[in-house]
Structures are given as structure tokens and as C-alpha cells.
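Contents: one structure, followed by commentary.
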Amino acid sequence: MKAIQFKSFGTLDVLETVDVPTPSASAANAVVAVKSASVNPSDVKNVSGHFARTTLPRIPGRDFSGIVAQGPAEWIGAEVWGTGGDIGSTRDGTHAQSVQVPVTALLRKPSKLTHEQASAVGVTFGVAWVGAIEYAKAAAGEQVAVIGVGGGVGSAVAQIAKSRGCRVIGIDRDPPDEDSPAARHIDDYVPLGRSTTERVRELGGGVDVVFDTVGGVLFETALALVKRRGRVLQISATGKRRVDFDLIDFYHNETQLFGVDSAQRGLVESTKVLAELADGFQSGALEPPAIAKRFDLAHARQAYEAVAAGSRGRVVIVMG
């Protein structure tokens, strides 16, 4: 089968289109014919050597949607979707014509989603769900501020929080595009700048939950937004790995701080998160990510380059 692979870490030039044996099914594993797979910023970082757990040579790619080609009889021909932190790092990933997955990780794709849409959900909505719902336990009537609401994860957080009955404040340098899911699911927009904290507090005091998709240089801003016993979630460290903050203010406010890393969850564990999200997509409470660019497998490196350049909207590799 055709796949993209890297045998050493480095720039995107190390990505090669290769012919490798098609994986086989076993008692514990099925084989999925990949129809579409998204390219995430974490995939780009993986090629550069950002993740110490990745072993070489490796076919990258975490998210996928496809059709079961080999495996248990009751699953043959089923349309499935998936994601996982182990896939593309310690086991071959989804940027190939076929991928081997544990039978226990098979999950039927919501019929309302196309393969392209389903393949773009996993990483962004997965980390959004784990942070906002599993860790912060955002509940109806609470206020949730999303820093970086215009990005993939930020948009997913806004949708999930809104579907749970929360009031959502979107924070970013620019307002989300008018026709984007993020714009349709936020109640207020606050521009990112020197007056961000004051403007958020004018909307009703501090918020209950801050989901900071930027981190690093905005860590202190995130802490300043929460009311007493508020929850702050961090998934990144943009521009600043080490941060300073007032520890006395932190403990007097009884702030709760969570780090969220979806890459720690493998295929099987991630299936539980996608199962929670499936009803939202099927009912229309959640909207699939907008697909900005499509590439075939022969031009997969260009897909990576588009993500590295900061493409607005999701980038997918369509297998044809």
C-alpha cells in the first residue's frame, strides 16, 4: 500500500511517499481502509522530533475515518472513525491507505458526518471534551471563557460548552469568521489585548472555567479571568515554556489548574471520548470542523506544509 513515512526526525523534507506491506488483521486487530485522515499541528511536531515516545521508521497521523476491510465479520464494511495518541508514534498511523487498529477501538462513524468531516474531529474535539467536561466538569449556567476561540480546539470547546448550557465568552486577537461554528456558539467576543481581563469581568465578574488553547505568554491572563474556585485548563505553552504567577493570589482564589494532553490517550481510550461526542454530531448540537484544504496521498507533504503555515480550517488527506 501507499503511505507517507519518516525515517529520521527533521524538517518536513524527511517525509517520503513509500510502498509498504498492507497490515493484516489478527484476533485482536482489524484493518481499516482509510478514506480520509486529517493533519494536525501535533503531526507536524511529531516529524520534527517533538515527541520522545515516537519510534522510527514511522507512518504518522492520528485521526482517521474509513471502512473496516479486515476483522470480525460483524464489522466488515462498517464505516468507522478514530483517533489516538499512540497511533502515529508507537504504532503506524493513518496517513496511509490502510491502518491496523485494535478491535476494541472500532467505533461506527456518525452517519451525518462525511469521511472528511469525521477525520477532522478526533484531536481537536477530543482534547476539548477531556478538558472542558471530564476535568473541569463545565455545567449548565456556568460561564466558560475560551482563549484562542478561532482555532480548531477553541471552536470545539465553544461548541461543547454551549451544548452543555454554558455561557461562552470567546477570546482571540480577531473575532471568529461570521460563518464559522465558533461564531455561532459564543455569546460574547472579547478581543485579546491589555484590557481583556477588565472586559471579561464587565460581562459578569470572573468566569467559572477558562480553556486556554494558547498558554505560555497568556498563562497569567487565564488565571486572572477566573472567579473563586474557578478552573483553568492549559494545553499549550506558546512562546514561553516557564511561567510566573502570584502564588498567594492563586491559593486565596482556590483556583484549580489542569494540564490536558490528549496524546496520552491511546486508540482504545480515545474511542470512549468519540463515543461521547457522536450523539452531538448526529443530533446537530455539534458542528463538524470546516475543511479548508484537501490533498491526495501523493501530495501529503504539502498538506503538512499547509498546517505548518497556519491554515485556517482543517487540512485533510483524502485517499481516493
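Assorted remarks:
- If you go through segment 93-121 and pick out every residue that is of a type outside the set (A, V, I, L, M, F, W, C) and farther than 23 Å from LEU15 by Cβ, you end up with 9.
- Unmet requirement for ALA275, which otherwise passes all of (1) in a loop (DSSP other than H, G, I, E, B); (2) closer than 22 Å to SER42 by Cβ: (1)
- For ALA303, the conditions (1) assigned by TED's automatic domain parsing to the domain that holds VAL207; (2) within 20 Å of the chain's Cα centre (by Cα) all hold with the exception of (1).
- Cβ-Cβ distances below 9 Å connect the following pairs, each with a first residue in segment 300-316 that is over 22 Å from SER180 (Cβ atoms) and in contact (Cβ under 8 Å) with a residue 60 or more places away in the chain, a second residue that is crowded, with 21+ Cβ neighbours inside 10 Å and charged (D, E, K, R), and a separation of six or more residues or different chains: TYR304/ASP43.
- Filter result for SER180 (of a type in the set (Ser, Thr, Tyr), touching a residue at least 40 places away in the same chain (Cβ under 8 Å) and outside the structural domain of ARG294 (by TED's automatic domain parsing)): yes
- Scope segment 45-55; condition surrounded by fewer than 18 Cβ atoms within 10 Å (Cβ to Cβ) and not in a loop (DSSP other than H, G, I, E, B); matching residues: LYS45, SER48
- Residue satisfying condition, being at pLDDT 95 or above, closer than 30 Å to ASP13 by Cβ and outside the structural domain of ASP43 (by TED's automatic domain parsing), within set LEU257, LEU277, LEU267, LEU297: LEU267
- Test: GLN282 is out of contact with any strand residue (DSSP E or B) (no Cβ under 8 Å at 6 or more places or on another chain), within 22 Å of HIS185 (Cα to Cα) and not assigned by TED's automatic domain parsing to the domain that holds GLY10: yes
- Of the residues making up segment 81-96, just one is surrounded by fewer than 21 Cβ atoms within 10 Å (Cβ to Cβ) and not charged (D, E, K, R), namely THR90.
The values are calculated or read from the model by the stated rules, or taken from the named source; none is laboratory data. Just so it is clear, the structure is predicted and the values come from calculations on it, not from any experiment. Cβ atoms come from the backbone with ideal geometry, glycine included; neighbour counts cover every protein chain shown.
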